[in-house]
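The values are calculated or read from the model by the stated rules, or taken from the named source; none is laboratory data. Predicted model, so just to flag it, every value in this text is computed and none were measured. No Cβ is skipped: glycine too gets one built from the backbone with ideal geometry, and neighbour counts run over all protein chains shown.
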Amino acid sequence: MATRIGGTRGLRPASPAGAARPPLLRELLLVTGLFLVYKFGRLLANGHETRAFHNADRVWDAERALHLPGEGAIQQLLLHGEPLIRVANTYYAAVHFPATIAFLAWLYWRRPAHYLWSRRVLALVTGAALALHILLPLAPPRMLAASGLVDTARVYGPSVYGAAPEADSMANQFAAMPSLHFGWALMVAIGLIAATRSPLRRWWLLHPVLTLLVIVGTANHYWLDAVAATVLLGLALLVVPAPARPSSSSAHPPAEPPALPRARSAAGTVPAGALR
């Protein structure tokens, strides 16, 4: 956004949405703190294996009663080739956090107002999800014998989980609902669609679509886990007001037209009608 400084045209940094960029160190500490609360908070739900498997049976039966498509149909598509299932496992293990961090970093630099909005929404969704993970421990379908699904990460790799769920000190494997993999991916797409003006911006929805196919096909989540994440995200979006959509003119301000020289004659200014 251009401003006049000292009678000449100069450029002073400003965000397209007109919001001040928050201090970087404070944001890094805040995001790191939220991540640590998320990681250590999930561990509080460990030790509830019996409830987790009981809840898994109920979710599985509810999906069948609702006539939802079986998770096994998606897994069979991935199991057509070992390279494909390895790609799906890698996507599950390696895309979740880096994609969200890259999303927040880009918004922080280019769209500060949308960054604050997205960070607040993600914090609300993550906090609510953590509470549900503790109140409703849920074994994923890969652990449920009735599902008949393959634990693709353990069989084909790579895997982010320990072999013994009850002894896994890095993650709570009984925190299937809601799926933060899907909830975060959906917010990344929504945030980028809201913060950009490209006619191709809706293609960002491919990220949550691929994430949904991956989390279901690798038997890490049920369909209802994604539904629960969508509901939480929708509630958070209702609570946190969204910033104004950036206009194309704010991102690329139009150049001022050059001033037309005044035509003068010996008698003075030439009448406008004479310049034809």
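Could you give every pair whose Cβ atoms fall below 6 Å, whose first residue belongs to segment 156-182 and is under 12 Å from residue 228 (Cβ atoms), and whose second residue is part of a loop (DSSP other than H, G, I, E, B) and at pLDDT 80 or above, counting only separations of at least 6 or pairs across chains?
From residues that are under 12 Å from residue 228 (Cβ atoms), the pairs are 176/140; 176/221; 179/221.
Within segment 190-203, how many residues turn out to be modelled with pLDDT of 95 or more, surrounded by 22 or more Cβ atoms within 10 Å (Cβ to Cβ) and either under 17 Å from residue 93 (Cα atoms) or touching a Leu at 6+ places or on another chain (Cβ under 8 Å) (or both)?
1
Which residue is nearest to residue 116 (Cα to Cα), if the candidates are limited to segment 23-47 and must be modelled with pLDDT under 75 and in contact with a helix residue (DSSP H, G or I) (Cβ under 9 Å, 6 or more places away or on another chain)?
By that ranking, first place goes to 38.
Could you tell me whether segment 210-221 includes any residue that is surrounded by fewer than 18 Cβ atoms within 10 Å (Cβ to Cβ), closer than 26 Å to residue 79 by Cβ, touching a residue at least 12 places away in the same chain (Cβ under 8 Å) and not acidic (Asp, Glu)? So that I can check it myself, show each step before the final result.
Step one: filter segment 210-221 for residues surrounded by fewer than 18 Cβ atoms within 10 Å (Cβ to Cβ), giving 210, 213.
With the extra rule that they be closer than 26 Å to residue 79 by Cβ, the set shrinks to 210, 213.
Adding the requirement that they be touching a residue at least 12 places away in the same chain (Cβ under 8 Å) leaves 210, 213.
Within this subset, residues satisfying the condition of being not acidic (Asp, Glu) are 210, 213.
Looking for residues that are surrounded by fewer than 18 Cβ atoms within 10 Å (Cβ to Cβ), closer than 26 Å to residue 79 by Cβ, touching a residue at least 12 places away in the same chain (Cβ under 8 Å) and not acidic (Asp, Glu), one finds at least one in segment 210-221, hence yes.
State which residue pairs qualify: first residue free of Cβ contacts under 8 Å to residues at least 60 places away in the same chain and inside segment 77-105, second residue buried (at least 17 other Cβ atoms within 10 Å of the Cβ) in any location, beta carbons under 6 Å apart, and separation of 6 or more residues or different chains.
84/78
Conditions tested, residue by residue: (1) in contact with a strand residue (DSSP E or B) (Cβ under 9 Å, 6 or more places away or on another chain); (2) at pLDDT 90 or above; (3) among the charged types (D, E, K, R).
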site: 60; (1), (2), (3): no, yes, no
site: 63; (1), (2), (3): no, yes, yes
site: 66; (1), (2), (3): no, yes, no
site: 71; (1), (2), (3): no, yes, yes
site: 76; (1), (2), (3): no, yes, no
site: 101; (1), (2), (3): no, yes, no
site: 110; (1), (2), (3): no, yes, yes
site: 116; (1), (2), (3): no, yes, no
site: 133; (1), (2), (3): yes, no, no
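Give 94, 113 a once-over and let me know the one that is surrounded by fewer than 16 Cβ atoms within 10 Å (Cβ to Cβ), within 20 Å of the chain's Cα centre (by Cα) and either of a type outside the set (Val, Ile, Thr) or closer than 17 Å to residue 151 by Cα (or both).
94
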